[in-house]
Amino acid sequence: MIAILRWLFFSLMVRPVVGIVLGMNVRGRKHLPRSGPAIITANHNSHLDAMVLMSLLPHRLLHQVRPVAAADYFMKGRFLSWFSTRIIGILPITRKGTGANDDPLAGCYAALDAGQILILFPEGSRGEPEQMGPFKGGIAKLARLYPDVPVFPVFMHGLGKALPRGEGLLVPFMLDIYVGPALHGRDCGDDFLATLRERIETLASGHQSASWD
């Protein structure tokens, strides 16, 4: 039943809103993962970011996709918690208040071990519209612990204007999505975070490096 509700939500609501109300240009779609385990990373400007990324993937992968999201926001009430985890499929993490022995990424480890696809925003939270903030170290830790899991860099433009932080009204705005080839922790060593940011910034310019093909 949950799988049907999730399919209906994305088929009848998310995809029409993203594809028709907003409109979307996607470059590099061929680079998106065809199976898990995998990690999709992107800049973060809006609550719609994760659902836009999920809409790029085929329906057959929907049950495998786990957007990493803040528990303090998405687990506030019974209905929001149920909808966020069961319908959207978020993987809630606690950003503050964990004990000395608690690892906020433990759920991410379990998801990757189960062959799932994580959607993770290295900035950690939504920043100013269309401005990319500093990257946090969580994605670098995952890349170090799972050096063979592909990490797909994505740059999204327009969602910071369509539904910016603190706004509840959706404004029609054409989205531009740039997807780059995957990188792996095994290839980047201690420079993974800097390499990932460089890849996303290069995508932001609208020009993918020929050496990635």
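Couple of notes before you dig in:
- Modelled this way, with points 7 Å down the Cα-to-C-beta line, the labels at residue 1 and residue 83 are 1.8 nm from one another.
- With a simple spin-label model that places each label point 7 Å from the Cα along the Cα-to-Cβ direction, the separation between residue 144 and residue 109 comes to 1.3 nm.
- Efficiency of FRET from Cβ geometry, residue 63 and residue 198, R₀ 35 Å, rounded to 0.05: 0.60
Just so you know, all these numbers are worked out from the coordinates, no wet-lab data involved. As the structure is a prediction and not an experimental result, all values here were calculated from the model. Note that we place each Cβ from the backbone using ideal geometry, even for glycine, and neighbour counts take in every protein chain shown.
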